[in-house]
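Structure record follows, encoded as structure tokens.
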Amino acid sequence: MMGRCLRVSFFVALWGLALFRAVALHAEPVLETLVIESVSGPVTFEVEVMRTEQERQRGLMGRAYMPEKRGMLFDFGAPEEVRMWMKDTPLPLDMLFIRADGTIVRITKGEPFSTRTLPSGGPVLGVLEINGGLSERLGIKEGALVRHQLFGTVK
């Protein structure tokens, strides 16, 4: 009887662990607010921030959809020249390369599944990825200010 109870307890514990992992893997991402001062006024996005090397490498790989006012902000920890690519990313994206002071130095378009590297054009602290064509539609231009805690530009 004791052996059976131990086996049942063991299987219940394994089932609980598997359930916890499944929930954790499908949990909603933590979102932070980011505002871009565009020519037509402030534009607010909710962004996932990729801070570790592993997170930055994964990025938006495999995601076929992103809500319009969402984005992904890559935090490089210190200003550096970076190159981005979209090898396993099915979404067309605008990539906004952002200096440490929060100004956008370059905006470029990323093509789905492309292995072409997209250079920052100078040292940047972060890169914001948003849905393709959104920069133009919302009046976001190079030189615009990005307000987020990463750049110390939050009002």
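The values are calculated or read from the model by the stated rules, or taken from the named source; none is laboratory data. As the structure is a prediction and not an experimental result, all values here were calculated from the model. Methodologically, a virtual Cβ is constructed for each residue, glycine included, from the backbone with ideal geometry; neighbour enumeration extends over all protein chains shown. Just the protein is used for accessible areas: all its heavy atoms, side chains included, with ligands, DNA and RNA removed. Shrake-Rupley method; radii C 1.70, N 1.55, O 1.52, S 1.80 Å.
Structure data summary
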quantity: Solvent-accessible area per residue, Å², over segment 80-133 with all protein chains present [probe radius 1.4 Å]; calculated: 42
quantity: Net lengthening on full extension, LEU31/GLU136 (0.36 nm per residue, minus Cα-Cα); calculated: 35.4 nm
quantity: Derived scalar couplings ³J(HN,Hα) [segment 71-81; Karplus, 6.51 cos²θ - 1.76 cosθ + 1.60; whole Hz; x for Gly, Pro]; calculated: x, 10, 9, 9, 9, 8, x, 7, x, 7, 6
quantity: 23 Å tail of the calculated P(r), segment 16-155, as % of Cα pairs; calculated: 31
quantity: Rg [Å, one decimal], Dmax [Å, integer] - segment 116-155, C-alpha atoms; calculated: 11.8, 37
quantity: 10 °C / 1.306 mPa s Stokes-Einstein diffusion coefficient of segment 41-110, Kirkwood radius on C-alpha pairs, µm²/s; calculated: 121
quantity: Where trypsin sites (Lys or Arg not before Pro) fall in DSSP loop in segment 87-124, at most 13 other Cβ within 10 Å; calculated: LYS87, ARG116
quantity: Spatial separation of Cα centroids for segment 57-91 and segment 107-131, in angstrom; calculated: 8
quantity: Cβ-defined net charge surrounding MET84, 12 Å radius [Lys, Arg +1; Asp, Glu -1]; calculated: +2
quantity: Neighbour cut-off at most 14 other Cβ (10 Å), DSSP loop, GluC sites (Glu not before Pro), segment 27-87; calculated: GLU68, GLU81
